[in-house]
Amino acid sequence: MSRRPFIAGNWKMNTRQSSAVALVKDLISGLGAESVAEVAVCPPSIYLAAVADAIAGSPIELGAQNLYPATDGAFTGEVNAAMLSDVGCRFVILGHSERRQLMGETDADVAKKLQAAFAGNLVPIVCVGETLAEREAGDTEKVVETQVRGSLEGLDEVRAAGIVIAYEPVWAIGTGLTATPAQAEAVHKMIRTLLGDMFTPHIASQIRIQYGGSVKADNAAELLGQENIDGALVGGASLKSADFLAIIAAASKS
């Protein structure tokens, strides 16, 4: 099964409107008309509309960093799937480790958001990954399996093939540490085998699994060359156009 590489930039809370627009303009110039890899950027929600305008007609797609699962109502400060779709989003990141750790999100919360994303015609990027303590205790597979099963609870086979999983070892996010290609591939392979058990091997073969965790221009090629690594969820390096373009180029050659 040939899976199109998918590179997404998670800008977190690191841009302003002018820098976000300037960044995507640089990316568009560097990408040209087409890219072998699928490319998305995920700016802060307040700048989604401005970035949507800036990328109109380009190969770059728009993603959000989170959503609230309700369809409407008295939820001050929240943004739902319909709003994200309305402003031009195709993707939404769910269950990022920062939200799990800092905002207390659970697998059950992610599962609710997953269903909301589909209802809003968004493609969910579901994040899973272990902490350093969990890895050192030998619990990586147990932790990741629990997160995958819990976060995808209630997902049917029809929709399963359309999701994206992002394996992001928490100990490698923003730390400069990176899982070795062999370490990352081992977990990606485990996740795909698990997805085959949860759904079918055929569906599992269609699901793209990104790696996230200090992906940079100088390590992207080796990571993305692994059989079960289908792209990257990029943090800091996605804020520099030259670095992000180099990662996209590496994905296109993988």
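The values are calculated or read from the model by the stated rules, or taken from the named source; none is laboratory data. The structure presented is a predicted model; accordingly, all values stated were derived computationally and were not measured. Neighbour counts are summed over all protein chains in view; Cβ atoms, including those assigned to glycine, are modelled from backbone coordinates with ideal geometry.
For A232, the criteria (1) among the hydrophobic types (A, V, I, L, M, F, W, C); (2) at pLDDT below 95; (3) crowded, with 24+ Cβ neighbours inside 10 Å hold in every case but one, which is (2).
Tell me which helices (runs of 4 or more DSSP H) are completely within segment 100-176 and hold 1 or more residues being surrounded by fewer than 17 Cβ atoms within 10 Å (Cβ to Cβ) and of a type in the set (A, V, I, L, M, F, W, C), or say none if there are none.
Working: elements: 107-119, 132-136, 140-151, 157-160.
Per the criteria, 107-119, 132-136, 157-160.
Results for (1) over 18 Å from the mean Cα position of the chain (by Cα); (2) farther than 21 Å from A204 by Cβ, shown as yes or no for each residue.
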| site | (1), (2) |
| --- | --- |
| E105 | no, yes |
| A119 | yes, yes |
| V126 | no, no |
| L132 | yes, yes |
| E136 | yes, yes |
| A160 | no, no |
| E168 | no, no |
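Of the residues that make up segment 41-52, is at least one in contact with a Gly (Cβ under 7 Å, 6 or more places away or on another chain) and within 24 Å of A221 (Cα to Cα)? There is at least one residue in segment 41-52 that is in contact with a Gly (Cβ under 7 Å, 6 or more places away or on another chain) and within 24 Å of A221 (Cα to Cα). Of the residues making up segment 203-211, at least one is more than 20 Å from E157 (Cβ to Cβ), touching a residue at least 12 places away in the same chain (Cβ under 8 Å) and not β-branched (V, I, T).
Of all residues in segment 13-37, exactly one satisfies the criterion of being in contact (Cβ under 8 Å) with a residue 60 or more places away in the chain and farther than 16 Å from S241 by Cα, namely V36.
Do you know which residues across segment 31-61 are of a type in the set (D, E) and buried (at least 16 other Cβ atoms within 10 Å of the Cβ)?
Initially, segment 31-61 is screened for residues of a type in the set (D, E), giving 34, 38, 53, 61.
Those that are of a type in the set (D, E) and buried (at least 16 other Cβ atoms within 10 Å of the Cβ): E38, E61.
Which count do you get for residues in segment 184-201 that are touching a residue at least 12 places away in the same chain (Cβ under 8 Å) and not in a loop (DSSP other than H, G, I, E, B)? Residues meeting the conditions: 11. How many residues does segment 224-243 hold that are in contact with an Asp or Glu (Cβ under 9 Å, 6 or more places away or on another chain) and either part of a strand (DSSP E or B) or at positive phi (or both)? Count: 3. Within the bounds of segment 192-206, is there any residue that is within 15 Å of the chain's Cα centre (by Cα), crowded, with 20+ Cβ neighbours inside 10 Å and closer than 30 Å to Q115 by Cβ? There is no residue in segment 192-206 that is within 15 Å of the chain's Cα centre (by Cα), crowded, with 20+ Cβ neighbours inside 10 Å and closer than 30 Å to Q115 by Cβ.
Please state which one of L84, L102 is without any contact (Cβ under 8 Å) to a residue 24 or more places away in the chain and either charged (D, E, K, R) or over 24 Å from K216 (Cα atoms) (or both). Steps first, answer last, please.
Working: L84 fails: without any contact (Cβ under 8 Å) to a residue 24 or more places away in the chain.
Matching residue, one of L84, L102: L102.
Could you tell me whether any residue of segment 161-168 is over 28 Å from L62 (Cβ atoms), at pLDDT 95 or above, of a type in the set (V, I, T) and touching a helix residue (DSSP H, G or I) at 6+ places or on another chain (Cβ under 7 Å)? No: segment 161-168 contains no residue that is over 28 Å from L62 (Cβ atoms), at pLDDT 95 or above, of a type in the set (V, I, T) and touching a helix residue (DSSP H, G or I) at 6+ places or on another chain (Cβ under 7 Å).
Among the residues of segment 172-182, some residue qualifies, meaning at least one is aliphatic (A, V, I, L, M) and either over 27 Å from S241 (Cβ atoms) or at pLDDT 95 or above (or both).
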